[in-house]
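The values are calculated or read from the model by the stated rules, or taken from the named source; none is laboratory data. Note that the structure is predicted; figures quoted are calculated from it, not measured. Backbone-built Cβ (ideal geometry, glycine too); neighbour counts: all protein chains shown. The accessibility values were calculated without ligands, DNA or RNA, using every heavy atom of the protein model including side chains. Shrake-Rupley method; radii C 1.70, N 1.55, O 1.52, S 1.80 Å.
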Amino acid sequence: YIMKLSNYNFFYNTDDDLVIAYNSRTNALAKIEKENYDILQNYKDGILYFEDKKLEDDLKKGGFILEDDINELELLKLARLQGQYDSNSLGLTLAPTLGCNFNCVYCYEEDHNNFTKMSNDVQDSILTLIKGKGKGLNSLNIIWYGGEPLLAIDIIQSLSKRIIEYCIDNGIHYSSGIITNSYLLTKETVEILKECKINFIQVTLDGPPEVHNVKRPLAGGQPTFDKILNNLVDVVDIFDNISLRVNVDKQNIEDIDKLYNILKEKNLINKVYYYLGHIQSLNNTYEDNKCLDLETYSKCSNEVFKQKLKDNNKLSYKINYPRLVSNYCGADKITSYVIDPEGNLYNCWSDIGIKEYSNGNLLDEMKISKRNLEYKLYDVFNDKQCSSCNILPLCMGGCPKNRLDGIPERCSKYKYLLEDTIKNLVNEIENKKKIANI
């Protein structure tokens, strides 16, 4: 066979005579003997001729080499089409209200003072939408969003019950999560969420009290930190999948250690998945000069993970192992919808409430908007910058909303962190092997 090197290979030197090899198209990870690495690097005219059949088979299995007549971009294009137009799964982001009890300084939603709840007619139409996709549907995932969704927990209860019953009757795998500011996240509320088969909760604290209370006060200006922290302490042992997001910018990045120590003192740091979120000027509602650039944010996020790793022996670098994507998110997937309380449909949950971005209404007429076409028909393979990037399989063009809104930073964090991530994972694997051999 005439073989060639993959365009998605990464090679990293180690302290021994082996070289770490990673391929971003297949997600394969291996160590290669130095002499075999030299064979790869000393090929003629871009064509590889192998005498060692086992070496060739191993490299081919990992995607490090492939037949000379195979175009890897076409392989990625096929994977993208399969993911983008997969009709076996359905993803819904549902906002039972756009009203919110907070007044966050960076909020990108325009309608969070509208406390109207989702009507029965809209709920009926959502169920009709699900049933219309029912034939061949294997899985349904719902994210409850807002506004603050817990202000409409009665809607979450009633609609969840109907949807879950339909999924059970039709053999559809159901999963659900909620994005909440957690001010109302009491033990009683969590028990209700569990009954609604919600298995994931995301909450937010943006630093220690003096920082968080400025960024995320109640609508009347009152502080919220202590209430959220106490709620977390109360519920963390009865709900085992809570993510704690810390939204960071230039104003609070230096304060996250203080928050980390508070969570440690409260015995929360090993019971929640603690991570940083990137504040951006979405919908022009926050000042760009306050935001961290992507590289700084990515590196800060990685340092936070390393700190947590030191304090949690059960945590693994595997959690940061790159993940292959066929499409970036629900915004560019054909079977994903964001629905507001009035039944308006959107591609991205960051567009919710902006009527000109709507794709029609469940109660009136669903339509294909110009923005919808821009989300769905973007061809990353015609994007010169992305199509020539060797981490394209981990990113697939990055955030579609950022692209449409002209925000230049839409790359994957692995643009800055891949080598560190891969090397740390390899070290972890090897250390565990040594422990097992003792």
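Can you name the number of the only condition in (1) under 25 Å from N9 (Cα atoms); (2) polar (S, T, N, Q); (3) at pLDDT below 90 that S369 fails? Among (1) under 25 Å from N9 (Cα atoms); (2) polar (S, T, N, Q); (3) at pLDDT below 90, S369 violates only (1). Determine which member of the set F50, F102 is of a type in the set (F, W, Y), touching a strand residue (DSSP E or B) at 6+ places or on another chain (Cβ under 9 Å) and at pLDDT below 90. Every option except F50 fails the conditions.
Annotation note: of Y321, Y337, Y317, Y297, the sole residue that is touching a His at 6+ places or on another chain (Cβ under 9 Å) and touching a residue at least 24 places away in the same chain (Cβ under 8 Å) is Y297.
Note on the stretch 98-116: residues that are outside any loop (DSSP other than H, G, I, E, B) and surrounded by fewer than 16 Cβ atoms within 10 Å (Cβ to Cβ) total 0. Each residue in the stretch 82-97 was checked for being surrounded by fewer than 17 Cβ atoms within 10 Å (Cβ to Cβ) and either under 19 Å from N170 (Cβ atoms) or more than 20 Å from the chain's Cα centre (by Cα) (or both), and 3 pass.
Among the numbered conditions (1) in a helix (DSSP H, G or I); (2) within 23 Å of the chain's Cα centre (by Cα); (3) of a type in the set (A, V, I, L, M, F, W, C), the only one that L268 does not meet is (1). Out of the residues in the stretch 138-152 that are touching a Cys at 6+ places or on another chain (Cβ under 9 Å) and of a type outside the set (G, A, S), which is nearest to I179 (Cα to Cα)? Among those that are touching a Cys at 6+ places or on another chain (Cβ under 9 Å) and of a type outside the set (G, A, S), it is W144. For residues that are open to solvent by 10 Å² or more (accessible area, probe 1.4 Å) and assigned to a strand (DSSP E or B), tally how many sit in the stretch 326-349. Selection size over the stretch 326-349: 3. Flag set for L66, criterion: buried (at least 18 other Cβ atoms within 10 Å of the Cβ) and under 30 Å from S387 (Cβ atoms).
Among residues of the stretch 364-385 being touching a residue at least 12 places away in the same chain (Cβ under 8 Å) and either touching an Asp or Glu at 6+ places or on another chain (Cβ under 6 Å) or in a helix (DSSP H, G or I) (or both), the one that is surrounded by the fewest Cβ atoms within 10 Å (Cβ to Cβ) is E374. Counting the residues of the stretch 6-28 that are in a strand (DSSP E or B), in contact with a strand residue (DSSP E or B) (Cβ under 6 Å, 6 or more places away or on another chain) and closer than 22 Å to D68 by Cα gives 6. Of all the residues in the stretch 200-222, those that are in a helix (DSSP H, G or I), open to solvent by 30 Å² or more (accessible area, probe 1.4 Å) and farther than 22 Å from K271 by Cβ number 3. Filtering the stretch 20-38 to residues that are buried (at least 19 other Cβ atoms within 10 Å of the Cβ) and modelled with pLDDT under 95 leaves only I32.
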